[in-house]
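Comments concern the structure below.
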Amino acid sequence: MDVFRLLVVIAASLVLACSPGAIALQSLGCPSNTVAMTHHAAQHTSSLMLSIDDDTDLASFPGSGTAEDPYVISGIIIAGSDLGISVANTRRHFIIRNCSMSTIQTSVRFSNVTNGVVEACNLTGSTGVAIQLSQNCSVTRNRIVECTYGIQIGYSYQCIVKYNSISRSGFGIVLETASEITVHSNDVFANQRGLYAADTSHDNTFFLNSIGWNGESLLTHDDAYDDGESNQWDNGTVGNEWEDHDGSDDYWIRGDANARDRFPNRLVDDTPPVVTLFPDDIVVEEGGPNVQLQWRGSDRFPREYVILFDLEPCLREPWSGETVTFIVSESVIGEHNVTVMFLDFAYNAGSHSIRVTILPRLFGSGTVLVLHACIMSALSVLGLVVLVKLLGGT
């Protein structure tokens, strides 16, 4: 074989040897994986509760304590403590806003409080919000998940509970020895019992709430229960949305009060979850570091997510709106599809897929660098081929 042909053979061999396509693909099952549902935590997390015992303690926070300029307690993250934020014996105006708490007992507790607000917080614990011996307090726009009691109000009056999402709890909203409480525009779903007015509660009003899929684990709908007196389940013109409403004129509330919603509507959800965070297609090396993929979905009534690896279901878990992190720790060489599907309680679905390419590990670590080196070597040899050809022609 002359020099020219030898160089051509060497160049072709280098290109073929370095090509990932030269590796035979193997049959694939689900990879070993770890899945975590994580909240996007704020910058500072504490395991210590915050205790405020009077108006003097409130003065250390921004604001002046008036209705126009309330004290603001914001951005606090508490995880693992018995209690989150406890406020007692105050009369000045204050707001607990944009806080996140995952506690053993109560996340936010008011006792003998007037003019307190809990707003836009993420809460998990034995009780999300407990209001006792208080008046003129508000619980608004909070996300409360996996509590024994989502919102519990006792021995209190003239409070407002509005625009909250309460799910996966024992009781969604509970009123005990409470009066003149207005409960409106809340999403109460996937709890053992949705709304409960105890026999000592009276003159409370419920309207514009969306209530459904409660009591499913008990094989019965338990969306609302009223043992109280003179509680109103509409505001005179507008009632609530009920997932199990059969279209009749009245929706009767279970319990001894013989109460009814005179203007009910059926809760209908035809909006699929929206995938708001997703990874790009990736290329990684066989045997390299674990690959962490994250998706976040958004939905009004989140139920569960399903992960599929090459169209094979790998995992199905409850989902409450958290970010889903999928860690691929073992895979075979080749091109794979990873799909995450989010479902809500009406079984609407939203999904997103990416391509994960696993390259062979040719010479230890640094496969990508090796590939580049191979290509450069092949180009060098081809350059020599051209040079030899030119010289041979002179």
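Derivation of every value follows stated rules applied to the coordinates shown; laboratory data play no part. No experiment lies behind these values; they were computed from the predicted model shown. In this analysis, Cβ positions are derived from the backbone assuming ideal geometry, glycine residues included, and neighbour counts consider all displayed protein chains.
Label-to-label distance, R300 versus V238, with points set 7 angstrom from Cα along the beta-carbon direction: 1.3 nm.
For the range 163-175, backbone phi angles converted through the Karplus equation (6.51, -1.76, 1.60; θ = phi - 60°) give residue-by-residue couplings of 6, 9, 10, 10, 8, 6, 10, x, 10, x, 10, 10, 10 Hz, Gly and Pro being listed as x. Remark on R254: its backbone amide H falls under 5 Å from those of A224, D226, a criterion applied only to residues 5 or more positions apart or on other chains, H modelled at 1.01 Å from N. Can you figure out the FRET efficiency of Q192 with Q105, using R₀ = 22 Å and their beta-carbon distance, to the nearest 0.05? According to the calculation, E is roughly 0.70.
Test of understanding: what is the full-extension gain from I282 to S248, defined as 0.36 nm times their sequence separation minus their Cα-Cα distance?
6.9 nm
Panel order for E304, E322, E312, by other beta carbons found within 10 Å of each beta carbon, from fewest to most: E312, E304, E322.
Per-peptide packing, taken as the mean over residues of other Cβ atoms within 10 Å, places 278-288, 165-175 in the sequence 165-175, 278-288 from highest down. The Kirkwood radius of the range 45-266, taken over pairs of alpha-carbon atoms, gives through the Stokes-Einstein law at 37 °C and 0.692 mPa s a diffusion coefficient of 190 µm² s⁻¹. Which distance in Å, rounded to a whole number, links the C-alpha centroids of the range 317-350 and the range 269-300? Going from one Cα centre to the other spans 7 Å. Rounded to the nearest Hz, the phi-derived 3J(HN,Hα) couplings of the range 283-289 under the Karplus curve 6.51 cos²θ - 1.76 cosθ + 1.60 (θ = phi - 60°) are 10, 10, 9, 4, x, x, x, where x marks glycine and proline.
Less than 5 angstrom separates the built amide H of V139 from those of V118, I160, V161, K162, all sequence-distant by 5 or more or on a different chain. When each of the peptides 203-216, 256-269 is scored by how many other beta carbons lie within 10 Å of its residues on average, the order from highest to lowest is 203-216, 256-269. Once the Cβ-Cβ distance of T56 and T205 is raised to the sixth power relative to R0 = 30 Å, the FRET efficiency obtained is 0.30. Across the range 135-147, computed HN-Hα scalar couplings (Karplus, 6.51 cos²θ - 1.76 cosθ + 1.60, θ = phi - 60°) run 8, 6, 10, 9, 10, 9, 6, 9, 10, 10, 9, 6, 10 Hz from first to last residue, x flagging Gly and Pro.
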